[in-house]
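One structure is given below, encoded as structure tokens.
The values are calculated or read from the model by the stated rules, or taken from the named source; none is laboratory data. If you're wondering where the values come from, they're calculated on a predicted model, not measured in any experiment. Cβ: placed from backbone, ideal geometry, glycine included. Neighbour counts: every protein chain shown.
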Amino acid sequence: MNLLKRILGILWIILSIAAAYFCIFEFGLPKLVSDKQDDLVFGIIILFILTPLIVLGLGTFGYFSLIGEYDKRK
Amino acid sequence: MSKTSTKGIWKVISASSMGTMIEWYDFYIFGSLAVVISTKFFPSDNPTTSFLATLATFAAGFVVRPFGALFFGRLGDLIGRKYTFMATLLLMGCSTFLIGCIPSYETIGFLAPLLVLILRLLQGLALGGEYGGAATYVAEHAPVGQRGYWTSWIQTTATVGLFISLMVILVTKNTLSAEAFDSWGWRVPFWVSIAMVGVSYLIRKNMDESPVFAKAKKEGSISVNPLKESFGNRYNLKFVLLALFGATMGQGVVWYTGQFYAMSFMKTVMSIESSQVDGLLGIALLLGTPFFIVFGWLSDKIGRKYIMMGGMLLAILLYRPIYKQMYETVNLDNKIISNTYTTESDNNDKKEHYVIINNEYSDGTIAATKQISHAEKINPETQTTITINSQDKWILIFLVFVQVLFVTMVYGPIAAFLVEMFPAKIRYTSMSLPYHVGNGIFGGLLPAISTYFVTHSKEAGKSDFYLDGLWYPIIIASVCFVIGMIYIDNKDKNTHI
């Protein structure tokens, strides 16, 4: 199980990068350049709240997994 | 460790739950009265006020809550749980009451929406601080081995708060004429809050501090800098991240799907008449609420992990079949028209002409399609409202009830789960943040992101476009399920109570 946790750490890091791509280029930036006020607020929240949370949070979680912080013995 | 008697803990539960329920009530009446509030404070023909309205909805509902969790969580770990969640209660109550006192946009101009926005932000901050305090306070009083059961009473408060807000508004509307409600009656639910908060404050004032915090304070072992210890310490940070990505993130999307997305889906995608949706949702919530207690109790027996993960897995597997069945239950293409008649009318003030085509179906369903032609617009606007029959209503109640069951599975045990993850000296701070990020950010963004998926699929011409909004909760819950199953240990809890 410890090995699986460590291997999955790589997946979480990759997932955080993929999520960053979607949050920035699919959801965030298109909303920022939209004419609608709702979209502007939504875009700001996606870019400046959700994206850092996922990238930094999930990325750090993946890194901790990879270096064995979640291993059973700890 | 706690020596609180059963009688004593009921006092603790009553005081904590009542206050938390009132905070949810305060938070929800803003949303429930959004239409009338927008006409009074945020006129749609003004782009600046529209922007403030969106900010008031998004910012306070989603973004500010984690900041409230940090601010009040830190206070709770420094000065105590009791005084902190009394402060959040007063802040919430006063903000709500004052929203009900603000003169309209017509009277004081831009100051009105600005004040509403500020008070709404304060509401979000207060809510961010309340939950962690109440859950921690109850858990630290609860006997060992029964924390799931006792904290599950706190878990019912969000649903009960929503229900009571709908009831207070309904009673006010039925007591007053439509003109009086529109003129000043909408303020009554806001004013009612201050009385409820006053009573709750007096009850809470007479409660003792949490025994665990009082002991830590006496021994001088409380944290000097809870924020640094919670998030600057790698050992605690890894549990904060695990709580977020392995539990609260999935719990947040399941909660919002089962209670709010279901409501929005029935009203906007299925076009069911609004009061019918509110009624059937209310019945499903009432039937489902006791299961918060059931699953909280069960989590004491078999562990929190498998109940929460079971709820997530069921949601992941069954959301699409459930929503497909909901859609097909009311799909007019599956029904036979028995009678059709048309009425026409004019609204000279708005320069609009209305044509209403009423289709009555053999099973008792009625669909009214209203075509609105405007003198200055080329294409008429079309709105369809469906009044469902009794049988379809009960099918939908059952399907929503099943979703509420998923909510109770993931949400019932989570307060005990979070409390048990962190040591007493940083518990309030550490558990509040993942809870409010999971619910406020991941859960709160669900309507906007799901709507994006639906719109995208509709434009692509997909026949089952109405189901694609579910991909967001399904993906988030799936990631959370995998993390939770692999990384969370059901027995070896990081418990320091």
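Using the structure shown, decide if A:Ser34 is touching a residue at least 24 places away in the same chain (Cβ under 8 Å), farther than 20 Å from B:Pro66 by Cα, in contact with a Leu (Cβ under 9 Å, 6 or more places away or on another chain) and not aromatic (Phe, Trp, Tyr).
Here the answer is no, as A:Ser34 does not meet what is asked.
For the range B:261-347, which fully contained helices (runs of 4 or more DSSP H) count at least 1 residues that are farther than 24 Å from B:Ser478 by Cβ and under 19 Å from the mean Cα position of the chain (by Cα)?
B:274-288, B:290-302
Quick test for you: out of B:Tyr435, B:Tyr452, pick the one residue that is more than 21 Å from B:Glu273 (Cβ to Cβ) and free of Cβ contacts under 8 Å to residues at least 60 places away in the same chain.
Every option except B:Tyr452 fails the conditions.
Can you give me the number of residues within the range B:326-357 that are surrounded by 15 or more Cβ atoms within 10 Å (Cβ to Cβ) and out of contact with any strand residue (DSSP E or B) (no Cβ under 8 Å at 6 or more places or on another chain)?
3
Could you say whether any residue in the range A:25-46 is farther than 27 Å from B:Thr48 by Cβ, of a type outside the set (Asp, Glu) and facing chain B (nearest Cβ under 9 Å)?
No, because not a single residue in the range A:25-46 is farther than 27 Å from B:Thr48 by Cβ, of a type outside the set (Asp, Glu) and facing chain B (nearest Cβ under 9 Å).
Just one of B:Val277, B:Val269, B:Val294 is surrounded by fewer than 20 Cβ atoms within 10 Å (Cβ to Cβ), aliphatic (A, V, I, L, M) and under 17 Å from B:Asp392 (Cβ atoms); which is it?
Exactly one of B:Val277, B:Val269, B:Val294 is surrounded by fewer than 20 Cβ atoms within 10 Å (Cβ to Cβ), aliphatic (A, V, I, L, M) and under 17 Å from B:Asp392 (Cβ atoms), namely B:Val269.
Is it true that B:Ser210 is modelled with pLDDT under 90, surrounded by 20 or more Cβ atoms within 10 Å (Cβ to Cβ) and touching a Ser or Thr at 6+ places or on another chain (Cβ under 6 Å)?
Against the criterion (modelled with pLDDT under 90, surrounded by 20 or more Cβ atoms within 10 Å (Cβ to Cβ) and touching a Ser or Thr at 6+ places or on another chain (Cβ under 6 Å)), B:Ser210 does not qualify.
Going through B:Gly288, B:Gly279, B:Gly250 one at a time, which residue ends up being touching a Cys at 6+ places or on another chain (Cβ under 6 Å) and under 24 Å from B:Phe401 (Cβ atoms)?
It is B:Gly250.
Which of the residues belonging to the range B:95-152 are in contact with an Asp or Glu (Cβ under 7 Å, 6 or more places away or on another chain) and within 29 Å of B:Val188 (Cα to Cα)?
Selection gives B:Thr96, B:Gln123, B:Ala126, B:Leu127, B:Glu130.
Answer with yes or no whether B:Tyr361 is at pLDDT 90 or above and of a type outside the set (D, E, K, R).
Answer is yes for this residue.
Is there a residue being touching a Lys or Arg at 6+ places or on another chain (Cβ under 8 Å), surrounded by 13 or more Cβ atoms within 10 Å (Cβ to Cβ) and more than 10 Å from chain B (Cβ to nearest Cβ) anywhere in the range A:3-21?
No - not one qualifying residue is present in the range A:3-21.
Could you pull out the residue among B:Leu78, B:Leu70, B:Leu121 that is more than 19 Å from B:Arg427 (Cβ to Cβ) and not aromatic (Phe, Trp, Tyr)?
Step by step, each of B:Leu78, B:Leu70, B:Leu121 is checked, and only B:Leu121 is more than 19 Å from B:Arg427 (Cβ to Cβ) and not aromatic (Phe, Trp, Tyr).
Looking only at the range B:358-386, count every residue that is buried (at least 16 other Cβ atoms within 10 Å of the Cβ) and touching a helix residue (DSSP H, G or I) at 6+ places or on another chain (Cβ under 9 Å) and tell me the total.
6
Quick one: count up the residues across the range B:45-72 that are closer than 19 Å to B:Ile99 by Cβ and modelled with pLDDT under 80.
Residues flagged as closer than 19 Å to B:Ile99 by Cβ and modelled with pLDDT under 80 within the range B:45-72 amount to 14.
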